[in-house]
């Protein structure tokens, strides 16, 4: 976090005028966050704390609260021996690695193109955004048909361009995750592009003009002006992109149910299955906590790196 | 002293109950909610039937989907006060789990003369001396066969067969080798291999080699045989629609079979709903029937398929008395409404002939599309019993590792031998945390 | 506007060249755009087909014998086969849920974001970190505790169970906080010196300066709430309280059986307002990202 934030040690002294102002600000601050925090505490914080507690217990949720049986660290000890957990950590990492950088790079590329005054830009923007609002089950059905290893359009195309050894896509444990990554990129692209377009629009023209006076070419302008100026946007998309791809669930649930084999079993899906198919809500919570820890470490690293290299989160 | 307390408690209970009973007669009709997941129309017919004859107890249908989310929804609603009165669980494991969690009301008190052992031939719904419900449905599995294709191929449908004979038969019904030619057979969209094993070993022994559910039974050679059988049907002999085509093309048994893209399908009686729905599944060929093939000459040891529609009264129901009455009617006489749609009853009160007649007369002219001799012989073959599972903990996990591996076998990524090795190893791993 | 300009080429040639480039890029982007809308086109096409034709091979987007049967079924116009739930009722319910689901996070989010971004008080950073951390928890483990809370509060099976939890969205607060950080301090100081309270600053400085980002968030919140499926599925079981996605769920019979035509007709009916709202607000939405894009986020 920002370095110049007020730490709790600096609690204002009420007897001075400045102190009174400080106290006032503190009160106003708490009042302003109160409505938000009330809802947040009831519907998010409390369930999360409950999950944390459950991670030390065995529980089938239909048996009622009385039946929660605390087992200490047993659930955590089970993690490394859990065949699905190990695979799902690997798959989730691969998915994130496949989706997030590509989504950001392509999103930026499209945004640059769109920003260059192409025709019918509003219509194209709307088209790019469509995956975001199309019914997920329709999306799944269409991609299943497109990826059909025999006779699906994608493999027909690959065959036409002379590829002999056609991938089995969702039917093959080597390709299923690749297929999901492609769909993941596809569905998040419009959203990323949209945010980049906005970011680009706000880069002051003067910066480009002065770069041109210095004789900068296209690449130099991108690298010296565009890229640093939009890095806060990039950072936002990176953080939210990593969080959402670590939580990817629906895509797997409707397309592959984790298969073939365990090739597309991801963490959130494993959490769900453990809690609601294997009826082990306690252990499901343990996996959820593990996921939280992994992603939070990542977020903190990103935060720290960003803190060092950009002006993001500049305190006022 | 204790006796006195008990007696007074009992008296209070009886008093309260009679009060409730009196009230429900005087006041407005009681509304009870039935949660079910099968096709709406037959269920609604049953409910209309009941409502007509029981003006004081009006039933209402709430449909849920029998998938993971749907079952979670049922589970949470069962925890809430007064949401559900009667509910149907699909799969005995779901029923047992809900009973064990205290989400089913014991029925002895409300239905003292309801003898399920006598009327349903199973004591599986009696747990710890208390009765918790009954199976509405008996769903046999068998092979649906396109009679016209059989005649064109000059074949005759046998009365029993092994998988080897079946494969030959399917080969004769396969036209062309391409993926979009007519195949001999389509198997269900789930691995189905564990079902095949259970027809020989019975439900418990399919998964477990011991009595306490801590040792998996994947060592049994039938597992490898079952996996190998489906693999060969699809990839070696290429007489069956492949598993990956089913998944990729969102294929359903009925969609493929009635569209004549496969000349046989293996499934349960739920497919009759499509057979008689000529708007959605137009076809003009006659369907005949044969039993599910077996691994050895003497047929499957158990009747393929199983009991279903496990009906119970919710523990949190506000009207358990009325709900119990409805339940009893629903799984017995009321089930006739479902039989007319091809969902056959488990109640011994229905003779096979009655069930067949009820169905055939309800469907009118469409009955001509059914080979009635084979229908009566195969579908209502009660010479063997369904197997019934009594162990459920760990089954979802074993079933999951099995379906993970089965997919790889069917696509040829893994041999059935490697698959069984992996299953044995993983079976141990997933049961370990449950058996400490 | 153009971020990459080439100004060294003579005017007439630049004009020609840039038009050519523009045309090419437009065509490329249109092709990519088509890729993006195929599933939606397929949705429309499937909704007009007979059930059995939907997955017929080869895949075609043009229905052979277009029919409105599925729409009649979904809208309850088919007298023989009616749904047990009403789409009209569900539309009203969805609107009832969406309005507070959009306004709530904007109001509570604006206040909290202002406090997180502009006020100094003990515990501010810690609270915000907790806030961020909870965004990571997979929603699947929150289902049961949320059900228990709703049941305990007595709002299970009422629309309140869909309204109350959605009065804040962590993502919205996060985004607004970033946006508010980029409002020049001078503006706020000036208002404060004129005697405005913090509430006054929020009303007269922060909100007017953040109109576009608020509009963008409103659109996103609308989409999220409109499409919510899992929590409504658990929280609502009475047909009279169904929201639109729950009606669509009626067509998913089991993992092995989906009534595609009805489901797709429902999906078209359900998506229509989202598309309209996007088209009407997209200019605003795109412009609004300037604030988040540049200094804040």
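Tabulated values for the structure
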| quantity | calculated |
| --- | --- |
| Cβ neighbours within 10 Å from other chains - mean over B:249-255 | 5 |
| Distance from the stretch B:37-76 to the stretch C:18-54 (C-alpha centre basis), Å | 42 |
| Pairs of alpha carbons in chain B whose separation is greater than 37 Å (percent) | 29 |
| Residues of the stretch C:109-147 with amide N under 20 Å of the 7 Å Cα→Cβ point at residue C:203 | C:109-116, C:118-119 |
| Highest average packing first - B:47-56, C:121-130, Cβ atoms within 10 Å | C:121-130, B:47-56 |
| Efficiency of FRET from Cβ geometry, residue C:88 and residue C:62, R₀ 35 Å, rounded to 0.05 | 0.70 |
| Where only C-alpha atoms are counted, convex hull volume of the protein assembly as shown per residue in Å³ | 205 |
| Net length gained if the chain between residue C:190 and residue C:280 were fully extended (0.36 nm per residue, minus Cα distance) | 28.9 nm |
| Average other protein chain Cβ within 10 Å of Cβ, residues C:35-48 | 6 |
| Computed E for residue A:45/residue C:238 - FRET, C-beta separation, R0 30 angstrom, nearest 0.05 | 0.55 |
| Gained length - residue B:382 relative to residue B:237, 0.36 nm times residue gap less alpha-carbon distance | 49.0 nm |
| Residue-averaged 222 nm ellipticity for chain A, from DSSP H runs of 4+ at -39500 (n - 2.57), nearest 500 | -21500 deg cm²/dmol |
| Of all DSSP beta bridges in the protein assembly as shown, antiparallel share, percent nearest 5 | 65 |
| Residue among C:109, C:76, C:266 with the largest mean-square fluctuation in a Gaussian network model of chain C, springs linking Cα atoms under 10 Å | C:76 |
| Virtual spin-label span in nm between residue B:432 and residue A:70, 7 Å along Cα→Cβ | 2.6 |
| Centroid-to-centroid separation of the stretch A:175-196 and the stretch A:80-136 [C-alpha atoms, Å] | 3 |
| Shielding by other protein chains, A:216-225, mean Cβ within 10 Å | 1 |
| Sites residue C:24 and residue A:219 - FRET efficiency at Förster radius 22 Å, r taken between beta-carbons, to 0.05 | 0.65 |
| Helix-only [θ]222 nm of chain C, DSSP H runs n ≥ 4, -39500 (n - 2.57) each, per residue, nearest 500 | -20500 deg cm²/dmol |
| Reduced Cα scattering model of the stretch B:184-304, Debye log10 I(q)/I(0), q = 0.11, 0.13, 0.23 Å⁻¹ | -0.44, -0.60, -1.35 |
| Estimated distance in nm for a label pair at residue B:296 and residue B:56, the labels positioned 7 Å out from Cα along Cα-to-Cβ | 5.7 |
| By average C-beta atoms within 10 angstrom, highest first, the peptides B:132-138, B:386-392, A:180-186, B:401-407 | B:132-138, B:401-407, A:180-186, B:386-392 |
| For chain B: relative contact order, % (alpha-carbon pairs under 8 angstrom, 6 or more apart) | 25 |
| Value of Rg to Rh for chain C (Rh from inverse mean 1/r over Cα pairs, i.e. Kirkwood) | 1.06 |
| Three-way shape call for chain A based on the alpha-carbon gyration tensor, with the a/c threshold at 1.5 | oblate |
| Chain B: most fluctuating residue of B:139, B:250, B:224 per GNM, C-alpha cutoff 10 Å | B:250 |
| Separation of the residue A:86 and residue A:297 label points, Cα + 7 Å toward Cβ, nm | 1.8 |
| Ellipsoid equivalent to the stretch B:338-390 - semi-axes via the Cα gyration tensor, in Å | 22, 13, 9 |
| Chain C: most fluctuating residue of C:97, C:205, C:21 per GNM, C-alpha cutoff 10 Å | C:21 |
| Relative contact order for the stretch B:102-256, counting Cα pairs under 8 Å that sit 6 or more residues apart, in percent | 18 |
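Here, each number is a calculation from the coordinates, and none is a lab measurement. Since the structure is predicted, the reported quantities are computational estimates derived from the model, not experimental observations. Every residue, glycine as well, gets a Cβ built from its backbone with ideal geometry; the counts of neighbours run over all protein chains shown.
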